[in-house]
Amino acid sequence: MEYQQYSVLLFQFGVGQRVGYDPGWIIALQAVGGAAGNMICVHNVVAASAVVGLAGREGEIIRRTAIPFCYYVLTAGLIGTWIVTVLSFSG
């Protein structure tokens, strides 16, 4: 598993370099995107629901999480786009 994560990291680093952006920011934004995906990941919601005694209410939980998820993704995406294009453009 570690090798796969390292491969993805190298791929993202290379993409950042090729497009002329700071690869560190590209990798950081990927981590933000991964965290956002975990908010609505069905497997994570099912597991967490079972742990806290809300099994069978996964659909409701995902629906209630949708608005915070959208806010998080849009805010992080806009800030990330600004950082990458304005602050770290090297080409």
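With respect to Y21, determine if the residue is touching a helix residue (DSSP H, G or I) at 6+ places or on another chain (Cβ under 7 Å), assigned to a loop (DSSP other than H, G, I, E, B) and closer than 28 Å to V86 by Cα. Please lay out each step first, then the result.
On the way: touching a helix residue (DSSP H, G or I) at 6+ places or on another chain (Cβ under 7 Å): yes; assigned to a loop (DSSP other than H, G, I, E, B): yes; closer than 28 Å to V86 by Cα: yes.
So Y21 passes the test.
Residue-wise test of (1) touching a Phe, Trp or Tyr at 6+ places or on another chain (Cβ under 9 Å); (2) surrounded by fewer than 11 Cβ atoms within 10 Å (Cβ to Cβ).
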site: S7; (1), (2): no, yes
site: G24; (1), (2): yes, no
site: G33; (1), (2): no, no
site: L54; (1), (2): no, no
site: I61; (1), (2): no, no
site: Y71; (1), (2): no, yes
site: G80; (1), (2): yes, no
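Does G56 count as at positive phi and among the small types (G, A, S)?
Answer is yes for this residue.
So is V15 out of contact with any Pro (no Cβ under 7 Å at 6 or more places or on another chain), β-branched (V, I, T) and at pLDDT below 90 or not?
Answer is yes for this residue.
Kindly list the number of the only condition in (1) touching a helix residue (DSSP H, G or I) at 6+ places or on another chain (Cβ under 6 Å); (2) of a type outside the set (K, R); (3) free of Cβ contacts under 8 Å to residues at least 60 places away in the same chain that fails for C70.
Every listed condition holds for C70 apart from (1).
The values are calculated or read from the model by the stated rules, or taken from the named source; none is laboratory data. Computed from a predicted model, the values in this text were never measured in an experiment. Positions of Cβ are generated from backbone atoms using ideal geometry, with glycine treated the same way; all protein chains shown enter the neighbour counts.
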